[in-house]
Amino acid sequence: MGSGVQPGDLRFFSVLAGAGSLGAAARELGITTPAVSKHLALMERRLGVPLVVRTTRRMGLTPEGELYLAHARRILGEIDDLEQLLGASRGMPTGLLRVNATLGFGRSHVAPLISDFARRHPQLEVQLQLSVNPPPLTDDSFDVCIRFGAPPEARVIARHIAPNRRLLCAAPAYLARHGTPRVPHDLVRHPCIGIRQGEEAYGLWRLTSGRGKAATTDAIKTRGNLSTNDGEIAVHWALDGHGILMRAEWDIAHHLASGRLVQVLPQCRTPDADVYAVYPQRHQLAARVRAFVDHVAAALPPRAARVPQASEA
């Protein structure tokens, strides 16, 4: 039997692990399921260790499989980067670009941008993955992640793309029935729609009033009988009059402009959720990454809507 690790196995196993099943991998690779099974068996025989645990319903990786996948993705990424560096003088982004974004923002804003980007660069293959929470920045399964807020890690590059405020809002019908909060602590008497996303403290809203040395921040523990991990669902609940919602301006700007939602406590500021393009440092010279991030920065408008800041009201 030949060498344990062969170059062709790396991309095969990366596709297999990402697909989650032999059948899905076969469809992505354009071969039959038995051919995938045979290729995997040959790999395991050459290596002398099992890489995959297969049951009737699912496929998982063994510890050796996880190790193999991590190194395979790193090596493949370095090969792609080398190709990009060698072709940088031509200014032609090529290869595979893997993009991650949140569900709602990804559907509404990132997906249309990718459609236009792919039309301009037909030689590129682009994969868009949407998730409730961004993947760990140590995960090598994406090239660019469009996310809210600057990451604290120094091992990645975070390019500021666009400002994005979190605003409090409610349906006019709700405010007509329950009254309009005037100060932050009025919120404890209102049902608030909860969104469970990321690592932020759930149900704790921080509102800042005033400017400079006179600024004060209130931490309000909200309550309510509705919560979700999907921001789009939360917006629909607010439109239905179920309570007060804190949501990114990008997601509610058109509802504020139409009057279907009304901003609450406009004099207060909440933590920003600016849009960033995040990518590993090793990708900073890759033409495909540079081209995509430049495209996103140019395409996204600087403001989601003409909703005045507290200082502008």
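The values are calculated or read from the model by the stated rules, or taken from the named source; none is laboratory data. Because the structure is a prediction, the values reported are computed rather than measured. Ideal geometry is used to build each Cβ from the backbone, glycine not excepted, and the neighbour counts take in all protein chains shown. The accessibility values were calculated without ligands, DNA or RNA, using every heavy atom of the protein model including side chains. Shrake-Rupley method; radii C 1.70, N 1.55, O 1.52, S 1.80 Å.
Determine whether L204 is under 26 Å from V275 (Cβ atoms), in contact with a Lys or Arg (Cβ under 8 Å, 6 or more places away or on another chain) and at pLDDT 85 or above. Yes. Evaluating L226 against the criteria (1) surrounded by fewer than 19 Cβ atoms within 10 Å (Cβ to Cβ); (2) modelled with pLDDT of 90 or more; (3) over 29 Å from the mean Cα position of the chain (by Cα) leaves one unmet condition, (3). Of all the listed residues (R45, R11, R58), the sole one being within 27 Å of the chain's Cα centre (by Cα), open to solvent by 60 Å² or more (accessible area, probe 1.4 Å), farther than 26 Å from L97 by Cα and not polar (S, T, N, Q) is R58. State yes or no: is A25 surrounded by 14 or more Cβ atoms within 10 Å (Cβ to Cβ), under 32 Å from the mean Cα position of the chain (by Cα) and at pLDDT below 85? Against the criterion (surrounded by 14 or more Cβ atoms within 10 Å (Cβ to Cβ), under 32 Å from the mean Cα position of the chain (by Cα) and at pLDDT below 85), A25 qualifies. Scanning region 96-122 for residues that are in contact with a strand residue (DSSP E or B) (Cβ under 9 Å, 6 or more places away or on another chain) and either of a type in the set (G, A, S) or exposed (fewer than 14 other Cβ atoms within 10 Å of the Cβ) (or both) yields A101, G104, G106, A111, A118. Assess whether R74 counts as being under 15 Å from G8 (Cβ atoms), in contact (Cβ under 8 Å) with a residue 12 or more places away in the chain, among the basic types (K, R) and assigned to a helix (DSSP H, G or I). Considered against the rule, which asks whether it is under 15 Å from G8 (Cβ atoms), in contact (Cβ under 8 Å) with a residue 12 or more places away in the chain, among the basic types (K, R) and assigned to a helix (DSSP H, G or I), R74 comes out as no.
Quick check on my filter: what residues within region 236-248 are in contact with a helix residue (DSSP H, G or I) (Cβ under 8 Å, 6 or more places away or on another chain) and closer than 17 Å to P163 by Cα? Listed by number, the residues that qualify are R247, A248. Against the definition (hydroxyl-bearing (S, T, Y), assigned to a strand (DSSP E or B) and surrounded by fewer than 19 Cβ atoms within 10 Å (Cβ to Cβ)), how does T217 come out, yes or no? In short, yes. Taking I146, is it under 13 Å from the mean Cα position of the chain (by Cα), under 29 Å from C268 (Cβ atoms) and not in a loop (DSSP other than H, G, I, E, B)? Yes: the conditions hold for I146.
Selection within region 123-144: residues that are in contact (Cβ under 8 Å) with a residue 12 or more places away in the chain and of a type in the set (D, E). The member of this set that is least open to solvent (accessible area, probe 1.4 Å) is D143. Checked against (1) more than 17 Å from L10 (Cβ to Cβ); (2) at pLDDT 85 or above; (3) charged (D, E, K, R), D139 passes all but condition (2). Among the criteria (1) under 26 Å from the mean Cα position of the chain (by Cα); (2) open to solvent by less than 60 Å² (accessible area, probe 1.4 Å), the one I79 does not fulfil is (2). A single member of H160, H178 is open to solvent by 70 Å² or more (accessible area, probe 1.4 Å) and more than 23 Å from G241 (Cβ to Cβ), and it is H160.
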